[in-house]
Amino acid sequence: MIKKQPYWTLGIGLGLIALTALGLHKVQGSHQLGDHGLKLAERPLESDSGNVVTNLVVALPFSVGEAISKPLPISQVELDWLPKDTLFGRRIYEAPDGFESMISVVLMGRDRTSIHKPQYCLPGQGWVIESTEEIPIQLSSNPESGTPEQEIKAMKLGMKRTVTLENGQEMTVLGYFIYWFVSGDQITSDHRERMYLMAKDLLFEGVLKRWAYVAYFSTCYPGQEEELLKRMTTFIGRSAPEFLKPELLKQERD
């Protein structure tokens, strides 16, 4: 069983998502806007000040197995930095045995500056990236949509951060940040490949694909890394098919 941690250890991951306007230029001209690969739902999403900022979100599941969730707010910093047509999905999940994970999804609109790679903002949040590795994720089948079990690739960042408790004691927190990018018909774990695919579609098809950035974040204490990674990959495999469009997954398999 993964030892339950203070809730703030996941809270410090909130700043890792979606600070994305870092030097990219806005798309100019009248390009056709492509489809996206996510399910959407009409649900209120609040800012960290408690104001409802949108009623349309990525349809993250309310529960995954025994893990139940609650929505997480979008920070005002993100709202100020990101294009106004950016859509979000963000929930934190907790299982009875103490396992916790955050799912955060950022979906671009007509402005591609909504999407970036997380290596830009992780160090600024106090995390040290110790390893970067592409890993396979086995997605569970979805009988309702007819989507079979299949494998995708995701990027795994192994991280650590030293925090100081109220009593002055220092503690090391470890974390895994697992992410990938998805459009209406493409999935990739590589930021450079995503940029290439987006440029190619714009140049040859005149279509700006609506890419999304899907991220999972969990933390643990030293010595729990192997167990945490196993739990995370299982959790991803069960949850991702719930909000990725079935037609996208079928295309990937074909």
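The lone criterion from (1) closer than 27 Å to Glu247 by Cα; (2) part of a loop (DSSP other than H, G, I, E, B); (3) among the polar types (S, T, N, Q) left unmet by Ser49 is number (1). Does Ile129 fit the bill of being under 20 Å from Leu249 (Cα atoms), under 21 Å from the mean Cα position of the chain (by Cα) and part of a strand (DSSP E or B)? So Ile129 does not fit the description; no. Here Gly126 clears all of (1) in contact with a Leu (Cβ under 6 Å, 6 or more places away or on another chain); (2) at positive phi except the condition numbered (1). Would you mind stating whether Asp190 is touching a Gly at 6+ places or on another chain (Cβ under 8 Å) and surrounded by fewer than 18 Cβ atoms within 10 Å (Cβ to Cβ)? Here the answer is no, as Asp190 does not meet what is asked.
If you filter region 52-95 down to residues that are part of a strand (DSSP E or B) and over 19 Å from the mean Cα position of the chain (by Cα), you find that the one that is surrounded by the most Cβ atoms within 10 Å (Cβ to Cβ) is Val53. Ala199 meets the conditions (1) surrounded by 17 or more Cβ atoms within 10 Å (Cβ to Cβ); (2) under 24 Å from His31 (Cβ atoms); (3) over 18 Å from the mean Cα position of the chain (by Cα) in every case but one. The failed one is (1). Can you confirm whether region 151-164 contains a residue that is within 18 Å of Arg231 (Cα to Cα) and surrounded by fewer than 15 Cβ atoms within 10 Å (Cβ to Cβ)? The answer is yes; a qualifying residue exists. Scanning region 108-150 for residues that are among the charged types (D, E, K, R), surrounded by fewer than 17 Cβ atoms within 10 Å (Cβ to Cβ) and farther than 16 Å from Thr233 by Cβ gives Arg110, Glu130, Glu144.
Per this entry, Gly98 is counted among residues that are farther than 25 Å from Glu46 by Cβ, in contact (Cβ under 8 Å) with a residue 40 or more places away in the chain, more than 16 Å from the chain's Cα centre (by Cα) and assigned to a loop (DSSP other than H, G, I, E, B).
Taken together, the values in this text are just the output of simple stated rules run on the coordinates, not laboratory data. Owing to the predicted nature of the structure, the values given are computational and were not obtained by experimental measurement. Note: ideal-geometry Cβ built from the backbone for every residue, glycine included; neighbour counts use all protein chains shown.
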